[in-house]
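Asks: Below is a structure I'd like to ask you about.
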Amino acid sequence: MIYVKARPECITCIMDDVIGAAKTIPLDDSSMFQLIREALSALSTSYNADTFPSYYITKVHRILKHLARKSILFEEQRAAANEVGMRVRERLRQRAQGLSGAERFYLLARWAIAGNSLDFRTVGTGYDLSLDAIEAMLDSYASRPLVRDDLQGILAAVRSARRILYVLDNVGEIALDCLLIEEIKNQAPCAPHVTAAVKSGAITSDAIYEDASRVGLPGVADSIVTSGSDTLGISYDEMSGELREELAAADLIISKGQANFYVLSEPVDIIHAQIACLFTTKCLHAARAAGMEVLGPSAVLLRA
C-alpha cells in the first residue's frame with residue numbers, strides 16, 4: 001500500500017475543482033479572481049508532499065464558502081441528489097427482492113459503490129437527468145467488474161464484526177448506503193452495532209446530518225456521529241471526540257469515497273480495525289495506491 005499524499009500534479013485538480021464549483025454558484029468575475037488569488041496564496045505557503053490531497057481541497061473550498069458568504073453551497077443540487085437517491089433506492093429494493101446471503105450483499109455493495117460515481121462535482125451532469133437515465137447510469141457502474149474486488153473478504157469481516165463504523169461520503173449516494181447498512185445488519189449473526197458518520201459542516205457534496213435524516217438513515221443505523229468539521233475526508237486534527245471514540249472502538253470500518261480512502265490508507269494508533277473502502281477512483285494516483293492501474297469502481301480491504 002502506498003499512502004496517498006499529495007503529488008505535484010494534484011495541484012491542477014485542486015484548482016479545477018474549486019473553480020468549477022465557483023462557476024456553479026456562480027461567482028462574478030471579480031470574486032472569481034479573488035478566489036483564485038486567495039487559493040493560490042494559501043497553497044503557495046503550505047503545498048507539499050506530507051499531506052493528503054483532501055486537505056488542500058478543503059482549504060480552497062473553505063475560501064470559496066467565505067467569499068460566497070454561505071455555510072452550505074449547492075443547496076439545490078444537494079437536495080436534488082438526495083431525492084433522486086431515494087427514488088433509485090426504492091427501485092433497487094425491488095430488484096433485490098428474492099435475493100439473500102452473499103448474492104444480496106454483493107448486489108447492494110456494488111450499487112453503494114456505483115452511487116459514489118454520482119457526484120455532481122465530478123460527473124458534470126448535475127441532476128437534470130431523468131430518473132430512468134440516472135438509474136441506467138448507476139446500473140452500468142454496478143454491472144461492470146470491480147477494478148479491485150475484495151468484497152468476499154469484506155463480507156467475511158462483516159459477518160464477524162461486533163461494532164462497525166460506516167463513514168459516509170456524498171449526498172444522494174447515502175440513500176443507497178442505507179440499503180447496504182440494512183443488509184450488513186442482516187448478514188452479521190452477532191447483530192453488530194452500526195454507527196454511521198457524517199460531516200459536521202457541508203463541504204462540496206459531502207453529506208451532513210440533515211441529509212442523513214432526509215434519506216432515513218436514523219431509522220437504519222444504530223447511532224449517528226458527526227465528524228466535528230467540514231473537511232473532505234475525515235480529519236484526525238479536527239475530528240470530534242465522538243468520532244475518535246468510534247474509530248477506536250470499531251472492529252470494522254467501512255469507508256465511502258476517495259477522500260476517506262486517502263486518510264484511512266495510512267495506519268494511525270487509534271485504529272485497530274479492519275478497513276473496507278468502497279469508492280470509485282477518480283485519479284491514477286489514488287488507484288495506484290490501492291494497487292490498481294486503471295480507474296473505476298473498487299472495493300478495497302486495507303488490512304486485516
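The values are calculated or read from the model by the stated rules, or taken from the named source; none is laboratory data. Not measured: the values here are computed from a predicted model. We place every Cβ from the backbone using ideal geometry, glycine too, and count neighbours over all the protein chains shown. Surface accessibility is based on the protein's heavy atoms, side chains included, excluding ligands, DNA and RNA. Shrake-Rupley method; radii C 1.70, N 1.55, O 1.52, S 1.80 Å.
Asks: State all residues of the stretch 272-304 that are surrounded by fewer than 18 Cβ atoms within 10 Å (Cβ to Cβ), of a type in the set (A, V, I, L, M) and in a loop (DSSP other than H, G, I, E, B); if no residue qualifies, say none.
Replies: Result: 292, 294, 295, 304.
Asks: Considering only the stretch 43-61, state which residues are loosely packed, with under 15 Cβ neighbours inside 10 Å and of a type in the set (A, V, I, L, M).
Replies: 49
Asks: Condition first: out of contact with any Asp or Glu (no Cβ under 9 Å at 6 or more places or on another chain) and over 18 Å from residue 226 (Cα atoms). Now tell me which residues in the stretch 262-275 satisfy that.
Replies: 262, 265, 266, 267, 268, 269, 275
Asks: Can you tell which of 144, 159, 148, 163 is open to solvent by 10 Å² or more (accessible area, probe 1.4 Å) and touching a His at 6+ places or on another chain (Cβ under 8 Å)?
Replies: 163
Asks: Now a separate question. If I ask for residues that are in contact with a Pro (Cβ under 9 Å, 6 or more places away or on another chain) and closer than 15 Å to residue 165 by Cα, which ones from the stretch 267-301 would you list?
Replies: 278 - this is the single residue of the stretch 267-301 that is in contact with a Pro (Cβ under 9 Å, 6 or more places away or on another chain) and closer than 15 Å to residue 165 by Cα.
Asks: Now, a different point. Of 40, 64, 27, which residue is of a type in the set (A, V, I, L, M) and open to solvent by 70 Å² or more (accessible area, probe 1.4 Å)?
Replies: Only one candidate qualifies: 40.
Asks: Scan the stretch 237-247 and give yes if some residue there is within 29 Å of residue 141 (Cα to Cα) and surrounded by 22 or more Cβ atoms within 10 Å (Cβ to Cβ), otherwise no.
Replies: Among the residues of the stretch 237-247, not one is within 29 Å of residue 141 (Cα to Cα) and surrounded by 22 or more Cβ atoms within 10 Å (Cβ to Cβ), which makes the answer no.
Asks: Same structure again: Suppose the filter is under 22 Å from residue 59 (Cβ atoms), surrounded by fewer than 18 Cβ atoms within 10 Å (Cβ to Cβ) and of a type in the set (S, T, N, Q); does residue 223 pass it?
Replies: no
Asks: Given the residues 109, 22, 114, which is the only one that is at pLDDT below 95, touching a strand residue (DSSP E or B) at 6+ places or on another chain (Cβ under 8 Å), open to solvent by less than 40 Å² (accessible area, probe 1.4 Å) and in a helix (DSSP H, G or I)?
Replies: None of the others qualify; the one that does is 114.
Asks: Within the stretch 252-270, take every residue that is among the hydrophobic types (A, V, I, L, M, F, W, C) and open to solvent by 10 Å² or more (accessible area, probe 1.4 Å) and give me the one that is modelled with the lowest pLDDT.
Replies: Per the stated criteria, the residue is 268.
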